[in-house]
1. Let me check I have the definition right: for the stretch 144-244, take the eigenvalues of the Cα gyration tensor, multiply each by 5, take square roots. What are those semi-axes in whole Å, largest first?
2. How large are Rg and Dmax for the chain when only the alpha carbon atoms are used, in Å?
3. Regarding the stretch 216-290, what are the three Cα extents along the principal axes, ordered largest first, in Å?
4. Per residue of the chain, what 222 nm ellipticity follows from adding -39500 (n - 2.57) for every DSSP H run with n ≥ 4, rounded to the nearest 500?
5. Output the peptides 330-342, 217-229 sorted from most to least packed, where packing is the average of other Cβ atoms within 10 Å over each peptide's residues.
6. Would you mind giving the three semi-axes, in whole Å and largest first, of the ellipsoid equivalent to the stretch 200-330 according to its Cα gyration tensor?
7. Please report the antiparallel percentage of the DSSP beta bridges confined to the chain, to the nearest 5.
8. Compute the distance from the alpha-carbon center of the stretch 242-289 to that of the stretch 342-358, in whole Å.
Ligand SMILES: NC(=O)c1ccc[n+]([C@@H]2O[C@H](COP(=O)([O-])OP(=O)(O)OC[C@H]3O[C@@H](n4cnc5c(N)ncnc54)[C@H](OP(=O)(O)O)[C@@H]3O)[C@@H](O)[C@H]2O)c1
């Protein structure tokens, strides 16, 4: 039985992880659950799985949880320290990192420090601190297994092959809901439109990142760190059908692609069962129906976020952490109706332009860059709002 801790258990990925646990009750024991503020869902999970340790974002959420479910016999943690306790519990052999954004960084890093394998959905942590995380995993002999469907595809196609054997990795992208929408109309986009993804059902932040193509940019950085392939060998193609989850072209010209239905339980189960494959109740591809596979180049002019991510990776040091933090602030502002859709990329670009990259030697350097970028982004948003009201 694998002892499992889940960071972000109440989210889109987290709840799918628990569906896999339900499908294989003899294979997993849930040791820890960490969430933010969705106390109702967490209470259901606590009463169903009776973990050893639970964590929520605030003391108030902890009190609410205590009113909804019997917490006797388990440890309740709060905030970052609580999430770290979930991630590093001695009985957890595998930690699923499925919180959203920078909040996942420290607990995921502590899991690797404690020698745990990590099934990683929370790509922001690798964007912020890829080198540190990969080094920590290597030093402690832990695996980082991707849950992102694209990286899961690459992991399967690479199957342990060396980076020198790779001509290029090809990450596919659906193109999001605005693939054909003219840029001049981007400022009229309302959150509901941006939140309706054509092929995947996901959390709010990643769905907006998919609409700006920042998600693909973050994935380029993630692929670089996961597979040790240089940035110029990580490419992106728009593939609206989302049937090919990604491809590897090897130096001999062979291309391997992984295909599948758009169901996150597939890559999640792959990461949870690795290196084995288990019989799943998930339907396979239906090849009796005509399937068309289209590929096109991304439009960098309409979707500048992708280029910003390549720029951050090339600049290195603290720049990817700055990109990530500015994106988190800008996406939150858009969702709250404080920033037009088209200005998300402008805001991130402005924050990056004001930041000379600094070397990253330790996690504190990452956290300092993250804090700086959040503050800088907020200042830019305030200035922008002031200009708009003049
Ligand atoms: N959804 C997908 O299909 C998908 C696919 C590939 C990769 N990913 C990546 O997976 C990650 C999660 O995405 P998602 O779509 O599942 O997001 P989501 O539905 O918004 O869920 C986010 C999770 O993070 C939790 N969280 C928020 N603040 C927290 C805190 N301070 N401490 C601990 N947990 C906290 C949330 O808890 P509360 O809800 O309780 O506040 C929730 O459980 C993201 O990095 C995303 O890029 C997602």
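1. On the way: eigenvalues 156, 35, 25 Å².
Semi-axes from the Cα gyration tensor: 28, 13, 11 Å.
2. Reported Rg and Dmax, both Å: 20.4, 63.
3. Each principal axis gives a Cα extent; for the stretch 216-290 these are 38, 32, 26 Å.
4. On the way: 15 runs with 182 residues, N = 390.
Only helices count here, giving -14500 deg cm²/dmol.
5. Working: 330-342: 18.9, 217-229: 23.5.
Top to bottom by mean Cβ count within 10 Å: 217-229, 330-342.
6. Details: eigenvalues 147, 63, 59 Å².
Value: 27, 18, 17 Å, ordered largest first.
7. Rounded to the nearest five, the antiparallel share is 30 percent.
8. 35
Values in this text are rule-based calculations from the coordinates and carry no lab data. Computed from a predicted model, the values in this text were never measured in an experiment. Positions of Cβ are generated from backbone atoms using ideal geometry, with glycine treated the same way; all protein chains shown enter the neighbour counts.
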